[in-house]
Amino acid sequence: MSLRLRHFLLVGEATQTPWSLSLLEALAPLGDLQLVTKVEAAQVLSRDRYDVVIVDAGAISDIRDLVDRLRRQKPNVRIVVASASPTWRQSREVLLAGAVDYIHKSLDQRKLRARIQGVLDRPTS
Amino acid sequence: MMTGEKAMSEPTVLFVDNHVDFLDTRAEFLEQAGYRVLKAYTLGQAKQQLLNSYFHVAVVDIRMEDDDNPNDLSGLRLCEDLARESVPVVLLTEFPGLDSMGRALRPNPDGSRLAVDYVDKRDGPQALIQRLESAFQNEVRINWRLKIRWGWDENLRQPHNLVSLIDPDLLWEYLRDRAEELEDVLRKVFFNYRQLTIGRIIVRRRGKLFLKAVAHTSQGREEWFVLLCGERHEVENERNRYDDFISGEVGSRSAVVVSYEKARHFAAVLYRLPNCATIEDVVPFVQFYQEQPANRVAVVVRDLLTASLGRRHKDGMERRHVSIHKLYHEWIGKALNTPSSRSEWEVRLDSVCQGALSAGIKELECTSHGLDLRTATREVFSYPSPLTCLSTSSLNSKCSVLYGIIQGNLDGKNVLVDDAALTWVLDFGHMSKAPLVRDFVSLETAVKFSMLRCKNLTLYHDLERRLLAQHDLGEAVNAEGLAPDAEKALTVIGEIRSCAADALGPEMNVYLIGLLLQMLKYVLDYQPREALRYTRGEMFIFAYALLSSGMICRRLTVPSERLKHLPPRAATSLWLDESEKQVWVEGRPVTLTTREFKFLAYLYQRANESCERSAIAEHLSRTGQPDLHPSQVKELDRDLLNSLVRRLRKKIEPNPSHPKYIVTVRGIGYRLVLDEAPVDIDSHT
């Protein structure tokens with residue numbers, strides 16, 4: 001495991017939610033997490049480098065479009081979509097749009113960290 | 001000329017589902033939508049189809065073994081086989097779920113996926129047709145509207161001809177499928193074009209072909225390319241080596257990859273030649289050699305070895321100290337000193353001589369001591385067997401060899417030349433980091449074997465003797481009295497060697513070792529069991545390679561015979577003989593100019609002592625020009641001594657950038673470092 005501090009970006013609600021706090025705690029051993037809205041995401045992404053961008057599907061209506069736009073903006077960025085009520089149709093949409101993983105928000109912190117670590121272990125395309 | 005207005009193949013789908021009725025009804029819908037459907041009701045049938053049939057996309061049901069078992073993901077196992085063959089898969093299921101969806105579409109670390117889409121069976125036939133359309137559009141990417149014109153080259157009247165040239169051993173029943181597949185690969189490579197004309201073959205290699213191709217865009221603009229197509233693994237190897245060794249180069253004259261596509265058995269790469277005015281007019285070097293005078297060919301040789309290959313040669317260039325046995329292993333791919341390789345050699349030498357005799361080449365004879373050449377004038381020339389030569393201890397000593405990125409198979413057919421005598425290199429499948437001398441000796445060998453048309457062993461013997469008389473690579477070769485053909489070959493080889501002298505240094509030894517290994521490689525290619533299949537021309541090349549290897553061995557082993565009569569220092573360190581004006585370094589004679597010799601002799605007489613620059617300069621000026629004024633001596637000191645030392649180091653030091661013999665003593669001058677001071681010099685002269 002790399003000792004380098006990682007940078008994560010969570011695209012979702014403007015304010016902190018119980019899940020974003022839980023995610024913050026889960027990822028704390030790996031690095032820092034910044035919270036932005038969908039509108040701010042493009043600007044922040046063009047300015048700073050992030051190891052993983054996590055998209056909160058509950059806060060975004062046109063999720064496929066957002067994944068598509070982020071991938072066009074930064075083709076190498078690794079995007080993970082998190083949903084409280086995952087469906088295979090939405091999973092299909094986001095994976096085909098270029099997300100590398102699709103996770104259930106109900107995952108406990110240990111499993112959540114393991115999934116994100118799995119994404120970090122992948123080489124960027 | 002035959003015009004391929006319509007594609008040979010049509011969009012074809014392998015449909016794999018254990019529900020017979022479902023498969024049959026869906027297949028009807030797909031056929032109505034314009035697809036050809038191959039059906040497989042079991043995994044076994046699907047694997048058979050994968051083995052024997054050609055299709056573009058597979059539609060696979062996830063539960064192929066037990067519809068009632070939620071753990072049955074057998075369809076995904078088939079997807080792994082299909083992914084290995086680069087077949088895009090649309091997964092089909094009656095029980096969609098996050099788990100199977102994730103396994104199918106979540107990208108692997110290399111970016112690949114098991115499937116390109118995932119469809120619920122209950123979504124109806126239109127959904128499946130829609131997903132298939134998108135798979136064909138995004139993954140298969142075949143330009144169905146491309147008009148392909150065949151027949152410019154008479155060997156290529158239709159795609160079947162191309163397949164037969166790439167794989168002559170292909171069974172007849174597979175020919176149609178493979179021709180369809182190869183045509184599809186071309187339609188992928190030329191995805192953005194309206195019309196393609198397949199041009200002449202430039203060079204044919206095992207499993208692949210380089211061709212000229214001209215394509216027209218939809219705006220009617222004409223663009224010329226070099227097209228490589230062939231067996232997938234061959235083209236992939238070519239592409240990988242290109243990525244490893246070339247793609248980062250800027251401003252080079254290697255072919256540049258424009259696009260690359262692969263299918264199950266074939267792949268193709270489209271190259272552009274940078275700075276080339278018209279690809280239509282470029283010709284292989286072999287053809288240029290036959291059509292142009294020697295001086296023009298020599299210009300092309302210099303352009304090839306300095307401009308086209310020189311930059312790459314310098315890439316990661318390093319000097320290594322390696323034994324000939326290691327070089328042999330790298331070059332030939334086998335160990336030399338094993339009993340099996342020795343007995344293989346003995347058989348090989350004997351059978352080449354016998355094969356030559358059967359082909360009417362009577363001049364060469366294998367004898368107990370080696371090889372004899374009997375000329376028409378009844379002269380007999382005897383040479384050692386290369387095997388004996390390679391076993392002598394002198395060849396076990398290490399030599400200093402320059403390594404860099406080489407083309408690896410420079411045979412003149414894979415070099416293109418245009419009207420302006422500019423060159424481009426193709427064929428990257430043998431590129432590697434290896435001794436640079438390989439590129440020079442392979443081109444020299446190509447001139448001797450492929451370009452010099454005359455097949456007379458006595459003439460070749462004469463040519464080789466003149467070349468072996470060279471003391472260093474830059475020295476002119478005597479061409480007096482040779483036939484015009486041989487004189488041309490000698491001029492061109494002289495230019496190759498002159499380029500080698502510039503790149504590797506003038507020293508002959510490593511070049512000769514390279515030539516020897518190149519010749520031995522040819523001899524090892526001889527297959528005694530195939531003897532009757534060889535033409536006289538082919539047999540002649542084997543005989544010449546064998547003779548030449550014996551001649552080079554004689555030249556290489558001469559120093560070792562002479563070494564026996566010299567002090568041991570000549571073999572292990574540095575030895576200088578004032579009376580004979582000769583210098584030996586670590587077993588090899590070194591040729592020096594008069595001034596270099598005087599300088600070295602001065603240091604040698606004062607071995608292991610620091611010699612002042614001013615004293616050295618005064619000695620050199622006094623012995624050379626006794627009337628020099630002291631100020632001119634100082635001038636000589638400043639201007640010439642540095643370059644003299646640089647030249648000498650290049651000739652005698654194993655690694656000139658880290659000299660071990662002539663070392664600089666800061667603030668004073670130079671010191672010749674020897675293990676012990678020579679006892680044969682006891683007074684300073």
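Any read-out appearing in this document is the output of simple, stated calculations on the displayed coordinates, not a laboratory observation. None of the values given here were measured: they were computed from a predicted structure. A quick note on method: Cβ atoms are made from the backbone with ideal geometry, for glycine too, and the neighbour counts reach across all protein chains shown.
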Checklist entry - Per residue of B:104-110, how many C-beta atoms from partner chains lie within 10 Å of its own C-beta, taken as a mean? => result 5
Item to check | Packing-based exposure ordering (other Cβ within 10 Å, fewest first) of B:R311, B:R131, A:R110 | outcome: A:R110, B:R311, B:R131
Checklist outcome for this item: To the nearest 0.05, the calculated FRET efficiency linking A:N76 and B:V663 through their beta-carbon distance, R0 being 41 Å, is 0.20
Checklist entry - Classify chain B: rounded, prolate or oblate, from the alpha-carbon gyration tensor (a ≥ b ≥ c, eigenvalue square roots; a/c under 1.5 rounded; otherwise prolate if a/b is larger than b/c)? => result prolate
Item to check | Set B:K362/B:K455; B:K188/B:K208; B:K47/B:K262; B:K212/B:K433; B:K598/B:K660 screened for pairs whose C-alpha atoms are more than 24 Å apart | outcome: B:K212/B:K433
Next on the checklist: Shape verdict for region B:390-491, please, from the Cα gyration tensor: rounded (a/c under 1.5), prolate (a/b greater than b/c) or oblate.
Outcome noted: oblate
Item to check | Nearest 10 degrees, 0 to 90: helix B:630-652 Cα axis against chain B principal axis | outcome: 50
Item to check | Derived scalar couplings ³J(HN,Hα) [region A:4-20; Karplus, 6.51 cos²θ - 1.76 cosθ + 1.60; whole Hz; x for Gly, Pro] | outcome: 5, 6, 8, 10, 10, 10, 10, 9, x, 5, 5, 10, 5, 10, x, 5, 5
Next on the checklist: Can you tell me, using C-alpha contacts under 8 Å and at least 6 residues apart, the relative contact order of region B:26-125 as a whole percent?
Outcome noted: 22
Next on the checklist: Taking the 0 to 90 degree range and rounding to the nearest ten, how far is the long axis of helix B:175-189 tilted relative to the main principal axis of chain B, both from C-alpha atoms?
Outcome noted: 80
Item to check | For region B:1-144, alpha-carbon Rg relative to the globular expectation (2.2 N^0.38 Å, N residues) | outcome: 1.03
Checklist outcome for this item: Quick calc, region B:221-365, dipole around Cα centre from Cβ unit charges on Lys, Arg (+) and Asp, Glu (-), nearest 20 debye, gives 460
Checklist entry - Using a simple charge model, +1 on the beta-carbon of Lys and Arg, -1 on the beta-carbon of Asp and Glu, nothing else, what dipole does region B:33-176 show about its Cα centre, in debye to the nearest 20? => result 640
Next on the checklist: If you take every residue apart from A:D108 with its C-beta less than 14 Å away from the C-beta of A:D108, what net charge results, scoring Lys and Arg +1 and Asp and Glu -1?
Outcome noted: +4
Item to check | Relative contact order for chain B, counting Cα pairs under 8 Å that sit 6 or more residues apart, in percent | outcome: 9
Checklist entry - At q = 0.14, 0.20, 0.24, 0.26 Å⁻¹, what base-10 log of I(q)/I(0) does the Debye formula yield for region B:436-516 when every alpha carbon is treated as an equal point scatterer in vacuo? => result -0.41, -0.85, -1.22, -1.41
Checklist outcome for this item: Surrounding charge for B:S351, neighbours by C-beta under 11 angstrom, Lys/Arg +1, Asp/Glu -1, total -2
Checklist entry - How large is the dipole of the protein assembly as shown about the Cα centre if only Lys and Arg carry +1 and Asp and Glu carry -1, each at its Cβ, rounded to the nearest 20 debye? => result 1360
Checklist entry - By count of other Cβ within 10 Å, fewest leading, how are B:V492, B:V203 ordered? => result B:V203, B:V492
Item to check | Per-bin percent of Cα-Cα distances, the protein assembly as shown [10 Å] | outcome: 2, 11, 15, 17, 16, 14, 11, 8, 4, 1, 0, 0
Checklist entry - Can you give me the relative contact order of chain A as a percent, contacts being Cα pairs under 8 Å and 6 or more apart? => result 25
Next on the checklist: Please enumerate, by chain and number, the lysines with C-alpha under 25 Å from the C-alpha of A:K38, excluding those fewer than 8 residues away in the same chain.
Outcome noted: A:K74, A:K105
